[in-house]
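Single-structure report; data block below.
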Amino acid sequence: MRRLILSCSLAGLMACPALGRQSAYQEALEQFTARNFLGALAKTRVLVAEGPENPAYVHLHGLTLGALGQYSQAFVYLERAIALAPAEAAYHHDLGMTLLQAGHDAEALQALRKAVELAPDNLLSRLYLGRILHNRNLSDEAMRQFEEIGRRDDKFPTLHYHMAKIHLNSGRAPEALAELRREAELFPNNPLPRLELAELLLKLGEVEEALQQLKELERASPPSARLYWLLGKALQAVGKPGEAVAAALRSADLDSSFAPAFYLLATLYQQLGEEALAQQARETFQRLSRQQNSAQP
Amino acid sequence: MRVGFCVMLLLLSSSDGRPRFVEVGRSAGLDFQHASGSASKDYILETIGSGAAWLDYDRDGWMDLYLVNGGDWQELKAGRRSASNALFRNLGDGTFSEVTRRAGVGGRHWGMGATAADFDNDGWTDLFIVNYGPNSLFRNRGDGSFDEIAEKAGVASTLWGSSAAFGDYDGDGWLDLYVTNYVRFDHQEARPPECQYRGIQVHCGPKGLTPSPDRLYHNNRDGTFSDVSEASGIARVEPAYGLGVSWLDFDEDGDADLFVANDSMPNYLFLNQGAGRFEEVGLLSGFAYSQDGNAQAGMGIATGDYDRDGQLDLYLTHFSDDYNTLYRNSGEEMFRDQSYPAQLAFPTWQYLGWGTFFFDFDNDGWLDLFVANGHIYPQVDSYQIGTAFRQRNQLFANLGNGKFREVTGEAGPALETVLSSRGAAYADFDNDGDLDLVVNNLDSRPSLLRNEGGNRAGHWVSFALEGTSSNRSAVGARVGLVTAQGKQVQELQAGSSYQSSHDPRLHFGLGTDTRVSELTVRWPSGARQTFRDLAADRWYFLREGSEPVGSEAAPNPMSTRDPER
């Protein structure tokens, strides 16, 4: 979803490269789009040297630096591009996304706010703005952004998933369930909302439906520790501890640092009377829990 | 005048006949203002107290109330304390009179929790107060006054205590004492509020601060205690941020086990192995973590057989952005997290819970649940983060099928009041056959919520217990009864919820049943007594080894008890 907006939009027309250098710019852009960031960087360096006041060159150079993880330099160029073309919403969006990528959520929030202000119909900016707001637990404002997206395009990818997350964090289970069902219906191939849906169904005691979702996901999506952990929990809930153990073991195999898988394994082995294995799982769980706890600030 | 009173009663009860809670603290004379440092709560000390204890200190048959107070930060630094804990004598007419000064129980230290029981078996209920600073043991002299004897008794620990509970773990007939301690904290060297919560600058802790080890004290039967934390095995565990504590015979082997709710760390279950030894089995029993293996921020503990399967279950309150956890006792020395199936998880997600208890407020025979809520960071009010410093408390009705339904909004406007609540405890303070409750609110007046209509919603029965071979308060006694509707069981505790202590009389709602066909008492001494065919809507006085004495009025212990046992 980290889609970057690269545009020579109407608003930024004045900032578009001169015809003489347009082919060089196009080449740099193609390299960037093809994720050949080093190749793109070689070209954008030249472009910026030749046209330091051209916001499109400066912007693309900043983006390329950001893609290579050279964030401090990237911010210099992305901010300079904005200074050269302050009304270009896409530049604010890209600065916001790069800030987000670099872990500067507070600054990203400001940049995306500006992007949304300049281009209210840019739903991707709104989505990311909503996500940051939600991550910072500004749930009401996040929900307003998501509702705004919904008014413009109710089928916008991941919209209902993000709305569900807000409902879940506010304890509104029925609303979360409805949003997750909608997302799963719209985008059946996206495993994340369906995993969330399955987990919620489990919590709500709708075990059979959860199991069905998880089995479909097992067939159709890449394996993940969380998927098999949930499958293990669902199988335990329907009274199949043997199969649940197999799923929990798969989860632990997929991610040996995933503590919940070992907690589940411990309870399952205990249930099956396999005390030695239960103890082994408990010890692994405790070790992982301590590690994770000590890693927290 | 009479007609007007009846109209008022009708208005107080909901039109559908369900009981409601009415705030009567001010009119009942609870002139008490809790103080806990600065409004901005710059230090963790200012955020976690305080509790309340119900006790009949003068043995007149009416529950008196002890409210713990905090203090002022600047005074603390200067070594002074003008805030005072308060003892309110129940006058028996719905009002209280403050007797703190005469009783000598104001306390000299920043108070946290209180628990009440007769630790010296002299027939008079004593008080133990956990403090920031040395803890206090107030021995009831029987003449309306108390002596502070913590130092002499060997329980004046200077660790920052958070909660305490009396229990007779070795069954010798004398109450022992467990004290949870929170963090190592020195107000003279406390760090300024430079920590972050969701990007908001707030006070620091508990994470990053050193946890304090809890203490177990054995009663020496001579008015003193010995610290047996090491010898008992309690000290073998990693020190944790202890907050809530309850004694309960989890494995039903006749001795008291110990449950400790730890903040941000796994909970502890100390299984009593006999011979004064305990083994920590929190992880093994499923009590240490939530169903997903998460250590939650344990605050308060409620105990009760909510599903009436004869096993006592637990409910723990937690921080916001997490759910309070219902641990169902499977009867195989295992707990199952049933929070989601019981419909208790999602409704508690936004709230930061503290005091909590199971109690049958509508006398239908099923234990309902109360939760006191309130955040620790006043700063959250300046941001829209889906939570608030002042929160409403919550009441959940037990539906009788393993599920609960929140009925906070249906039980009277008093429950909708938003405050930052902490300790909470129940009592039938007006002796009318239904359970009322008190909540100690941070920096505010306490909430005294009188139950209006609970006694009309269902029949009930109440038991006041007195041990003879057992400890005199009968703490640890397990009472089971059978009615046409089924079985119920309760265990008498002294110290539970959060920093608090309930009415020691065991109250059972009976629904439509008008008789108890069988009553069994398992005394802490191991003695068992069975009685048959008891009438409902009565108060019973049960002395170990004697027949129950029933009365339509609450028994006056002065007339029924022998102080020179």
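Of (1) in contact with a helix residue (DSSP H, G or I) (Cβ under 8 Å, 6 or more places away or on another chain); (2) closer than 24 Å to B:TRP174 by Cβ; (3) surrounded by fewer than 16 Cβ atoms within 10 Å (Cβ to Cβ), B:PHE541 satisfies all except one. Which?
(3) is the only condition that B:PHE541 fails.
Here is a list: B:VAL105, B:VAL22. Which entry is modelled with pLDDT of 95 or more, surrounded by 18 or more Cβ atoms within 10 Å (Cβ to Cβ) and part of a loop (DSSP other than H, G, I, E, B)?
Checking each option against the conditions leaves just B:VAL105.
Of the residues A:LYS233, A:LYS240, which single one is out of contact with any Cys (no Cβ under 9 Å at 6 or more places or on another chain) and at the interface with chain B (Cβ under 10 Å from one of its Cβ atoms)?
A:LYS233
Okay, residues lined up against (1) crowded, with 21+ Cβ neighbours inside 10 Å; (2) polar (S, T, N, Q):
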{"site": "A:GLN73", "(1), (2)": "no, yes"}
{"site": "A:VAL76", "(1), (2)": "no, no"}
{"site": "A:LEU100", "(1), (2)": "no, no"}
{"site": "A:PHE146", "(1), (2)": "yes, no"}
{"site": "A:GLU175", "(1), (2)": "no, no"}
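Return only the number of the condition from (1) more than 30 Å from B:SER40 (Cα to Cα); (2) within 14 Å of chain A (Cβ to nearest Cβ) that B:ASP436 does not satisfy.
With (1) more than 30 Å from B:SER40 (Cα to Cα); (2) within 14 Å of chain A (Cβ to nearest Cβ) applied to B:ASP436, the lone miss is (2).
For B:ALA165, state whether it is under 16 Å from B:LEU248 (Cα atoms) and either at pLDDT below 95 or part of a strand (DSSP E or B) (or both).
It is true that B:ALA165 is under 16 Å from B:LEU248 (Cα atoms) and either at pLDDT below 95 or part of a strand (DSSP E or B) (or both).
In the range B:168-207, which residue that is assigned to a loop (DSSP other than H, G, I, E, B) and within 14 Å of chain A (Cβ to nearest Cβ) is farthest from B:THR125 (Cα to Cα)?
Ranking the qualifying residues of the range B:168-207, first place goes to B:GLY199.
Can you give me the number of residues within the range A:142-162 that are within 14 Å of chain B (Cβ to nearest Cβ) and closer than 23 Å to B:TYR323 by Cα?
Here the count works out to 2.
For A:LEU249, work out the one condition from (1) without any contact (Cβ under 8 Å) to a residue 24 or more places away in the chain; (2) under 28 Å from A:ARG181 (Cβ atoms) it doesn't fulfil.
(2)
Among the residues of the range B:312-327, is there at least one that is more than 10 Å from chain A (Cβ to nearest Cβ), surrounded by fewer than 24 Cβ atoms within 10 Å (Cβ to Cβ), under 22 Å from B:LEU481 (Cα atoms) and under 21 Å from the mean Cα position of the chain (by Cα)?
The answer is yes, given that some residue of the range B:312-327 is more than 10 Å from chain A (Cβ to nearest Cβ), surrounded by fewer than 24 Cβ atoms within 10 Å (Cβ to Cβ), under 22 Å from B:LEU481 (Cα atoms) and under 21 Å from the mean Cα position of the chain (by Cα).
If we only count helices (runs of 4 or more DSSP H) wholly inside the range A:156-250, which ones have 2 or more residues that are within 19 Å of the chain's Cα centre (by Cα)?
Correct list: A:159-169, A:173-186, A:191-203, A:225-237.
Please determine, by comparing only the residues of the range B:230-239 that are out of contact with any Ser or Thr (no Cβ under 7 Å at 6 or more places or on another chain) and surrounded by fewer than 17 Cβ atoms within 10 Å (Cβ to Cβ), which one is nearest to B:SER470 (Cα to Cα).
Across the range B:230-239, the extreme among qualifying residues is B:ALA231.
Given the criteria under 22 Å from the mean Cα position of the chain (by Cα) and surrounded by fewer than 22 Cβ atoms within 10 Å (Cβ to Cβ), does B:ARG59 qualify?
For B:ARG59, the condition - under 22 Å from the mean Cα position of the chain (by Cα) and surrounded by fewer than 22 Cβ atoms within 10 Å (Cβ to Cβ) - is met.
Would you mind telling me which numbered condition in (1) modelled with pLDDT of 95 or more; (2) buried (at least 18 other Cβ atoms within 10 Å of the Cβ) B:GLU75 fails?
(2)
Within the range B:372-396, how many residues turn out to be touching a residue at least 60 places away in the same chain (Cβ under 8 Å) and within 14 Å of chain A (Cβ to nearest Cβ)?
Selection size over the range B:372-396: 7.
Among residues belonging to the range B:516-530 that are aliphatic (A, V, I, L, M) and over 24 Å from the mean Cα position of the chain (by Cα), point out the one that is surrounded by the fewest Cβ atoms within 10 Å (Cβ to Cβ).
Selected residue: B:ALA527.
What tally of residues in the range B:332-371 results from selecting those that are closer than 11 Å to B:SER420 by Cα and at the interface with chain A (Cβ under 10 Å from one of its Cβ atoms)?
1
Only one of B:ARG221, B:ARG184, B:ARG198 is basic (Lys, Arg) and touching a Gly at 6+ places or on another chain (Cβ under 9 Å). Can you tell me which?
None of the other options fit; the residue is B:ARG221.
Could you please find all residues in the range B:476-512 being in a loop (DSSP other than H, G, I, E, B) and either of a type in the set (A, V, I, L, M, F, W, C) or over 22 Å from B:ALA372 (Cβ atoms) (or both)?
B:GLY476, B:ALA477, B:ALA484, B:GLN485, B:LEU492, B:THR512, listed by residue number.
Among residues belonging to the range A:264-297 that are within 11 Å of another protein chain (Cβ to nearest Cβ) and not in a helix (DSSP H, G or I), point out the one that is surrounded by the most Cβ atoms within 10 Å (Cβ to Cβ).
Among those that are within 11 Å of another protein chain (Cβ to nearest Cβ) and not in a helix (DSSP H, G or I), it is A:GLN296.
For the range B:238-295, what are the residues that are out of contact with any strand residue (DSSP E or B) (no Cβ under 6 Å at 6 or more places or on another chain) and within 14 Å of chain A (Cβ to nearest Cβ)?
Across the range B:238-295, the qualifying residues are B:GLU238, B:SER264, B:MET265, B:PRO266, B:LEU283, B:LEU284, B:ALA288, B:TYR289, B:ASP292, B:GLY293, B:ASN294, B:ALA295.
Confirm whether A:SER23 is more than 29 Å from the chain's Cα centre (by Cα), assigned to a helix (DSSP H, G or I) and either surrounded by 19 or more Cβ atoms within 10 Å (Cβ to Cβ) or without any contact (Cβ under 8 Å) to a residue 40 or more places away in the chain (or both).
Spelling it out, A:SER23 is indeed more than 29 Å from the chain's Cα centre (by Cα), assigned to a helix (DSSP H, G or I) and either surrounded by 19 or more Cβ atoms within 10 Å (Cβ to Cβ) or without any contact (Cβ under 8 Å) to a residue 40 or more places away in the chain (or both).
When you scan the range B:220-334 for strands (runs of 3 or more DSSP E) that lie fully inside it, which ones turn up with 2 or more residues that are among the aromatic types (Phe, Trp, Tyr) and modelled with pLDDT of 95 or more?
Filter on the range B:220-334 gives B:268-274.
Which is small (Gly, Ala, Ser), surrounded by 23 or more Cβ atoms within 10 Å (Cβ to Cβ) and at pLDDT 95 or above, of A:ALA119, A:ALA111?
Sole residue among the options that is small (Gly, Ala, Ser), surrounded by 23 or more Cβ atoms within 10 Å (Cβ to Cβ) and at pLDDT 95 or above: A:ALA111.
Return the pairs, sorted by first residue and then second, in which the second residue is of a type in the set (S, T, N, Q), the first residue lies in the range B:125-143 and is at pLDDT below 95, the beta carbons are less than 8 Å apart, and the residues are 6+ apart or on different chains.
Cβ pairs passing all conditions: B:GLY133/B:THR158.
How many residues are within 14 Å of another protein chain (Cβ to nearest Cβ), surrounded by 18 or more Cβ atoms within 10 Å (Cβ to Cβ) and out of contact with any Phe, Trp or Tyr (no Cβ under 6 Å at 6 or more places or on another chain) when one looks only at the range B:397-418?
So the count comes out to 1.
Which is within 14 Å of chain B (Cβ to nearest Cβ) and surrounded by 16 or more Cβ atoms within 10 Å (Cβ to Cβ), of A:LEU249, A:LEU201, A:LEU214, A:LEU227?
Result: A:LEU201 is the single residue among A:LEU249, A:LEU201, A:LEU214, A:LEU227 that is within 14 Å of chain B (Cβ to nearest Cβ) and surrounded by 16 or more Cβ atoms within 10 Å (Cβ to Cβ).
Enumerate the pairs (first residue in the range B:333-345 and touching a residue at least 60 places away in the same chain (Cβ under 8 Å); second residue anywhere and surrounded by fewer than 19 Cβ atoms within 10 Å (Cβ to Cβ) and not in a loop (DSSP other than H, G, I, E, B)) with beta-carbon separation below 7 Å, excluding pairs fewer than 6 apart on the same chain, so at least 6 apart or on different chains.
B:GLN343/B:ARG405
The values are calculated or read from the model by the stated rules, or taken from the named source; none is laboratory data. No experiment lies behind these values; they were computed from the predicted model shown. Heads up, the Cβs are rebuilt from the backbone with ideal geometry, glycines too, and the neighbour counts pull from every protein chain shown.
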